[in-house]
Each structure stands twice: as structure tokens, then as C-alpha cells.
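Trainee: Below is the structure I would like to discuss, written out as C-alpha cells.
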Amino acid sequence: MKQPTATPTDLVLDEPTRRLAAAVATGRLAPARLAVVAPGGYGKSAFLAHLERECVRVGTPVARFRQGAEPAAVVLVDDAHDLGERELAGLAELAADERTGLVIAARTWPRSAALNAMLGGLRGQVVLRPLDAGQIAELVPARLAEFVHAQTGGVPGLVRILAGALTGRTEREVPAAALAELRHELDRADTDTLRVLLAADVGAGRDVDLLAGLLETPPERAVEAARATGLLTQDGTLLPIGSRALRALVPASRRHAVCRRLAELRLRRGGRVLPLVRPLLDVGLGGPEVAATFRAGAEEAAAGDPALAARLLDAAVAAGLPAAEVGAWRAELAARAGDLDTALRLADEVIAAPEAPERSAGARVAGVALAHRGQLARSAELFRWAGSAPAFAAIGLLGTGRPAEAGAVLDAAPGDAPPTLLSGAMSAAARGLLDSVTGSPTLALSTLASSAEMLEPVGRGVLLPDSPAALGAVVAIHDGQLAIAESLVERALAAGVGGALLAARHRLLLAWAAMVRGDLETATARLRAAGQPTAPRDWLFAVGLRVGLARRASDVGGLRRIWGQACEAVIRHPVDLFTLLPFGELAVAAARLGDHDRLVPHLRRVRELLTALDEPPLWTTPVWWSALHSAIVAERPEEAAEAAEALGVGGGSYRATLAAAARCWVRVMGGKVERDEVEAAARGLHDAGLCWDGARLAGQAAIRTRDRAAMVALLDTARGLQGEGAAPRVEPAAPGGGRLSERELQVAELVVAGMTYKQVGDRLFISAKTVEHHMARMRQRLGARNRAELLAQLRALLGK
């Protein structure tokens, strides 16, 4: 890579500037009468030094201005803004002689009347400009050019400082050495100039009225002085390197004093205080005015950043704001920020204080927090006690199997409550859930979708136990409407419904829809995007997803590793109507691992809940489907037949598809494989969105049939339904071909689980060589062209 060879001076002295200097030095422009006016760091001194060298080179008499010195053909004056009255008087005498060449360099401020008069009497001005990113790339490696330009605004003196400090470095950071070189500039700034720079650092540098209350001099003069440092742009924006220097070099007490004064002034004027109070967090300031500014900042931050708002409100209380005035609000902000422990503690303090003015609001916050913790019954009690959230209470009652009470709560809701979008959306969501239990699932889903859309414009800043979109997605997944489920939660995520508290839930349901469809890669990516949920409800779904993905990938080792967390998750979260999906998935995994008894109490509670709801078909369908798979995995045909029979009771096309597939599964378990029936059932599952289940049915049937042609055809069907493309053409079977033997199935399952041939041999008490022979025979029998293809076909056959 070509190393930069230019210097900032080279770039400041561009071709037009060099020609001008040459004209002055050679006398082509004589007598020269020029002004060089620019903020600090723009290269005024560099230009004078270059002009001086040119004059010496060609023999033109040149001198720096000194009081009482004999004038030369060209006199150079640097930093004219720093000259005292006596020196300015001497310079004025020199300037009065039109025969003397005179070049005066000065900052834009301060500018006395005498200096202005002299500058105005000169004939021309040298214009010095900031450097662009392309020019800076001649000074530093290209990868750092944009960074240096962004930090310095292209001011040549600042570019020189930062470029020099970055020599030999690759990271895009401003070294402390670069900031240290700005200390002189900050030290020479007077009090008001520094205040303007500090005000600009918190976004208040352009508010003249605000600055007038902060400064001792007229704000216009102080702003001009700040611009003259070169750290402040013409529009009043502080350059990033200037901001870093202020924070590194100016004492914190001085910075905080400016922020505090600005915040108090702006609060009196009714403006935004958030940028001004943010730097005051954790400083330990107190007093009524400080408390008021922190509270105002919390109000501004609440909608978009509840965690910041919670910190600001805590600071307001620490500064003297009575905690009782904002107890419920602090609890709400903590909950919206995802800190459920703090939310419950603060809410409980409010509820327990008889004199607290917002006990109802506190109960509402506690109810929301408990809903996220999976305590729907207690949550519903709190909402009913609060009296201000009938829809929330009804949802909790439905979730715990009390539809009659839920309907009564909705019917008794006060009619004089404000018809806000929030109340309308949540009431509609509760009605939709009631329909899902007692009426039409189609109508229920339509109502939930409408309520989700209604909430989108206002959903970002509200505290919810659950969102209509999430509840709608749960209903849609139960009904096989996976595309609708995804659309609902995608829109909720885009609108930020429920803020950070519900973001993980929405992403987990998005992942669940992909898993049910059999798109394991997408489901895994979506699960990863949900982060590490800590609330019990979200954690239950996350663990359910990990278990389901491991089972579908035939990762028995992974399933065993996650099983401990799964057991803890079901202990932490009681069964409710909205968690049937993860409990069903965990039941299948328990059967797969031979730990079914651990789930029996929870599955009994599932049955009790659905019985209390009068066995609503929408909600019982996935439960019986999971029961079917548990029985298949555990090889309990009687239980499988019971699940298939239960699926056959009730209406709806989705349930009918599952019922037909279930009957087919039961016959396959008994060794009765009808190719046409299996293919129809498998394709029915695929068309209903259950692609993985369809492929698994075809694969399991292929294992169990004794008809070689049927086995090959069903294997092709399984491969096709998994979206892997057509299976390779299978060559004629080797002698003894047909269905895989019991020993071959055992070997295949352990190899697919990731064991080596030696480990498989140790497990089955055979030699590794014998395992290798089994694998070779299966490869020949299945027509696989290589090991990868064989493993893919075995996964399809085993379907575990």
C-alpha cells in the first residue's frame, strides 16, 4: 500500500495560494496589501511562513512586524487579533503607507475597531479552506481518512494533530495525545467562550436565548469567539474531536455546572431538557430544581427509552422528589425496560401504602409483570382489583380456564371509560380470545388481527401483559395459519408494539412458526435474534424452541444438553392456555429421552385446563398432535390411537388434515403401510404448513414397509417434502434388500446422532468394523452415492 507523503501545509497551500505567494515575492503583485482571516487551525501561520521563504528565495526584503522596526518591502503580521493597543497603533501607521507591502493574518475574533479598519483598508483576502476526505487521504491511510475528516471537519490544524497521533495505528479512535494538544486552545479561551463550547457539546450552542441566561457577555460575541477557536462550525455544531477534548480536559464539575444551569433555564422556558440532564446522571446533584429537571427528562425519554427514563426518575427521587408521587410510574418504566424484579418491588410498595395516590396503577404494573412471569391467575386478580384494565383481566382469566368469568368482566367494563386505541385494541383482543374458546376460530383470528393493527400506532410506549399480535400468532399457529402468525408478529416488531419487553416474545413466536413449517435454519436465526430471554414465559418458549430444533435435527446429544433447562423452565412457569405449544414440544422430547414421567403432572394440568374450557377444538388440536408424537416416539400404539381418535372429533380443515395423518401414523406403527395413503397424508401435512411432519411420516413409513418399491418411493417423497430436491435414483437392491433391519436402524440412529463407529460399537457390543459393514450395506440398499447423501437419507427415514 502506498504510504501518504503529503503534509497538511502542502494541502493548505494549494496551487492558487502558491501562485499568489509567488506573485507577492517576485513583485508582480506590489505592493501586496492582503488579509488572511480564518478561525484557528486553518493555516494562516503556514501561509505566512511559506510567503516568507519565497521572498527570501528571490531576494525580496521581508520582515515580521515588530514595534519600531524598520519596514521592509513586505511586512508580515501574524495573530493580529492578539496585538495590544500600542502595537495596533504602530501597525496602523505602517498600514497608512500605501507603498509598503503588508499581509495581516488574524482570527475571526476578537476584532477591535482599529483592526477592523486596517483589514478593511487592504486590497484583497487570502481564502483558506478546510480539507476534504480526498485530501486527507493523502495524509493518512485511506481506511482512516473518513474517520479523520468526521472528527476534525477538515480543519487543517486539527487534521495535523490527529493524523500525527494516528501514525502507526489502525484503530479508528482519537488518541489521548491528540486531545492533549488541544489543551492550550481550551486554556486560552475565556469563561464565556468555554461555556459556549460546553453548551454546544450538549446541543444547546445555537439557542441564543438560552445562552443569554448562561453567559456574562452578549451571546453573539461569545459564539463568534467560540467559532474562532476552530472547534465550532459556522452552524454552531461542535466538532467531535472538540467534544472529546472538552470531556477529557475540562473538569467534570465545570461541565456539570453548565449542564445544570442550561437544564434549569430550559425547563423554565418549556423546552426539551433530556440532552442537558443526561450528563448529570450519577453525579449526585440535589435540590428541587435538579429534581424537576430530572423528572422532565424522564418524561421526554419515557416513550423511546424507558430504561433511561427509569434512571432519570430514580435520580429525581435521589435529588429530593417524593418517591410516593412517582412510585407507580417508576414501576412502569422498570417493567417496560424489562427489569421485572424492580417493577414488582416498586409496584408492591405502592399497593401496600394506603395513602399512595396510584395504588390502582401500581396493581396494573404488578399484573403485567406477573403475566410475563407466567403467573396468569395472580395477574388476573390484580387487574380485577385495579378496576382499570378489564381486558387484561379477561385475558388472564381465559388463560387459566375461566371463560365465564372472563366474559362477565368484559360485560361489566365501565361504559364511560375513554375509547382510546389501547383500550379498544385490548378489549377486541380479549373478545377474540373468548371466541377462540367458545365460538369460531376464524372469527377469533380475524378479531385478533384487527386489534393488533389497531394498536400499532400507539403500541410502542405502552405496558402490556401480552400483545394482540402475539396472542393472534399463538391462535394462528394452533390453527395452522403460519403465514398469518408471521405477518402479525413481523408487523408488531416493525411498530415496536410493547417496546423491549415484548420484542423477545414476538421474535420467539416468529421462530416458532418457522420451526413448525420445518425451516430449521430460519427458526434458528430467529431464535438467536431473540437474545437470551430471562422472563419465565419467554424462557419457556426459547427452551421449547431449542428442544424442538434439536429433535427435528436428530441431535440427541443437543437434546440431552438442553433438557436440564427444559425441566427448570416447566417448573418456573405454570401451564396456561397460551403456553400449550412449548409444553407439547417438551412432552415429545421427554418421550424421546425416556423422561416422560417428569412431564406427567404438567400434562395432567393441560388436560384439566382444556376440560375447564370445554375442549375447544382450536386449542386441543396441537395438544393431541403432540400427544400422538409422544406416543410414536415412545412406541406406545394405544396412546397413539387415542390421540388419533381425539383428533377425529371436531371440525375445521386443519384438524381434519391432522386427523387423517394421525390415523395413517397409527397404521404405520402397526406395520400397515399403504403407499398411496401415506403419500396423501404426508402431502396433506406439507400443504397445511407442516413440512417437517409430512417428511417424517413418509420417512417412518419407508422404514416400516417390506415393499422395496414402496420404500424407495416413500423415501423420495420424504426427501421432496423436506425441500431437499429429488432423491437420487435408487439402484436395484442388493440380495437381502427390503426394509432396514432392527440392528441397522439402531446403528443408523446412533451414527446420525453423531457417534463414531467405535462409539456405536461400544454401545451395541459389536466391533467398529461391523458398524462399518452395516453402514456400507445401508448405503447400497438406499442407493446413496456418498456418505453425506447416506446420512441425509437416514435422517429422513428416522425423522427424529
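The values are calculated or read from the model by the stated rules, or taken from the named source; none is laboratory data. Everything quoted here is computed from the prediction, not taken from an experiment. Glycine also receives a Cβ, built like all others from the backbone with ideal geometry; neighbour counts cover every protein chain displayed.
Trainee: Of these, Gly213, Gly168, Gly203, which one is surrounded by 14 or more Cβ atoms within 10 Å (Cβ to Cβ), on the phi > 0 side of the Ramachandran plot and out of contact with any Gly (no Cβ under 7 Å at 6 or more places or on another chain)?
Mentor: Being surrounded by 14 or more Cβ atoms within 10 Å (Cβ to Cβ), on the phi > 0 side of the Ramachandran plot and out of contact with any Gly (no Cβ under 7 Å at 6 or more places or on another chain) holds for just one of Gly213, Gly168, Gly203, which is Gly203.
Trainee: Determine, yes or no, whether Ala328 is among the small types (Gly, Ala, Ser), farther than 30 Å from Ser253 by Cα and touching a residue at least 24 places away in the same chain (Cβ under 8 Å).
Mentor: yes
Trainee: If you scan the stretch 455-481, which residues turn out to be at pLDDT below 95 and in a helix (DSSP H, G or I)?
Mentor: Gly459, Arg460, Gly461
Trainee: Another question, then. Would you confirm whether any residue within the stretch 323-345 is in contact with a Lys or Arg (Cβ under 6 Å, 6 or more places away or on another chain) and surrounded by 17 or more Cβ atoms within 10 Å (Cβ to Cβ)?
Mentor: The answer is no; no qualifying residue exists.
Trainee: Just need a number here: residues in the stretch 384-398 that are over 31 Å from the mean Cα position of the chain (by Cα) and free of Cβ contacts under 8 Å to residues at least 60 places away in the same chain.
Mentor: 8
Trainee: Hey, Leu285 hits all of (1) buried (at least 19 other Cβ atoms within 10 Å of the Cβ); (2) under 29 Å from Ala178 (Cβ atoms) but one; which does it fall short on?
Mentor: Only one criterion is unmet by Leu285, namely (2).
Trainee: Quickly run through the stretch 528-554 and pick out the residues that are of a type in the set (A, V, I, L, M, F, W, C), part of a helix (DSSP H, G or I) and more than 24 Å from Val752 (Cα to Cα).
Mentor: Ala529, Trp539, Leu540, Phe541, Ala542
Trainee: Just to be sure before I move on: is Ser253 farther than 26 Å from Gly41 by Cβ, part of a helix (DSSP H, G or I) and hydroxyl-bearing (Ser, Thr, Tyr) in the structure I sent?
Mentor: Yes, satisfied.
Trainee: I've got another one for you. For the stretch 347-382, what are the residues that are in contact (Cβ under 8 Å) with a residue 40 or more places away in the chain, among the hydrophobic types (A, V, I, L, M, F, W, C) and touching a Gly at 6+ places or on another chain (Cβ under 6 Å)?
Mentor: Once the filter is applied, which keeps residues that are in contact (Cβ under 8 Å) with a residue 40 or more places away in the chain, among the hydrophobic types (A, V, I, L, M, F, W, C) and touching a Gly at 6+ places or on another chain (Cβ under 6 Å), the stretch 347-382 yields only Leu376.
Trainee: Taking the stated definitions as given, is Ala296 of a type in the set (Gly, Ala, Ser) and farther than 30 Å from Gly499 by Cα?
Mentor: Spelling it out, it is not the case that Ala296 is of a type in the set (Gly, Ala, Ser) and farther than 30 Å from Gly499 by Cα.
Trainee: Within the stretch 399-432, how many residues turn out to be assigned to a helix (DSSP H, G or I), in contact with a helix residue (DSSP H, G or I) (Cβ under 8 Å, 6 or more places away or on another chain) and free of Cβ contacts under 8 Å to residues at least 60 places away in the same chain?
Mentor: Matching residues across the stretch 399-432 total 17.
Trainee: Take the residues of the stretch 404-432 that are more than 19 Å from Gly367 (Cα to Cα) and crowded, with 19+ Cβ neighbours inside 10 Å: which is farthest from the chain's Cα centre (by Cα)?
Mentor: Arg431
Trainee: If you don't mind, another one. If you take the residues of the stretch 371-383 that are of a type outside the set (Gly, Ala, Ser) and in contact with an Asp or Glu (Cβ under 9 Å, 6 or more places away or on another chain), which of them is surrounded by the fewest Cβ atoms within 10 Å (Cβ to Cβ)?
Mentor: His372
Trainee: Still on this structure: Out of all the residues in the stretch 450-462, which are crowded, with 24+ Cβ neighbours inside 10 Å and among the aliphatic types (A, V, I, L, M)?
Mentor: Of everything in the stretch 450-462, those that are crowded, with 24+ Cβ neighbours inside 10 Å and among the aliphatic types (A, V, I, L, M) turn out to be Ala452, Leu455.
Trainee: Based on what the data block shows, is Thr237 under 26 Å from Val36 (Cα atoms) and within 30 Å of the chain's Cα centre (by Cα)?
Mentor: Answer is yes for this residue.
Trainee: Something else: So which of Ala363, Ala335 ends up being part of a helix (DSSP H, G or I), in contact with a Phe, Trp or Tyr (Cβ under 6 Å, 6 or more places away or on another chain) and modelled with pLDDT of 95 or more?
Mentor: The conditions single out Ala363.
Conditions (1) outside any loop (DSSP other than H, G, I, E, B); (2) touching a residue at least 12 places away in the same chain (Cβ under 8 Å); (3) small (Gly, Ala, Ser); (4) farther than 30 Å from Arg160 by Cβ, marked per residue:
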{"position": "Leu29", "(1), (2), (3), (4)": "no, no, no, no"}
{"position": "Tyr42", "(1), (2), (3), (4)": "no, yes, no, no"}
{"position": "Ala63", "(1), (2), (3), (4)": "yes, yes, yes, no"}
{"position": "Leu76", "(1), (2), (3), (4)": "yes, yes, no, no"}
{"position": "Arg86", "(1), (2), (3), (4)": "yes, yes, no, yes"}
{"position": "Ala89", "(1), (2), (3), (4)": "yes, yes, yes, yes"}
{"position": "Trp109", "(1), (2), (3), (4)": "no, yes, no, no"}
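Trainee: Do we have Gly374 as outside any helix (DSSP H, G or I) and under 31 Å from the mean Cα position of the chain (by Cα) here?
Mentor: yes
Trainee: Looking only at residues that are of a type in the set (D, E, K, R) and either in contact (Cβ under 8 Å) with a residue 60 or more places away in the chain or part of a helix (DSSP H, G or I) (or both) in the stretch 171-199, which one is surrounded by the most Cβ atoms within 10 Å (Cβ to Cβ)?
Mentor: In this case the residue turns out to be Arg195.
Trainee: Also, quick follow-up: For residues in the stretch 293-326 being of a type outside the set (Gly, Ala, Ser), closer than 22 Å to Leu262 by Cβ and assigned to a loop (DSSP other than H, G, I, E, B), which is farthest from the chain's Cα centre (by Cα)?
Mentor: So, considering only residues that are of a type outside the set (Gly, Ala, Ser), closer than 22 Å to Leu262 by Cβ and assigned to a loop (DSSP other than H, G, I, E, B), the one farthest from the chain's Cα centre (by Cα) is Leu321.
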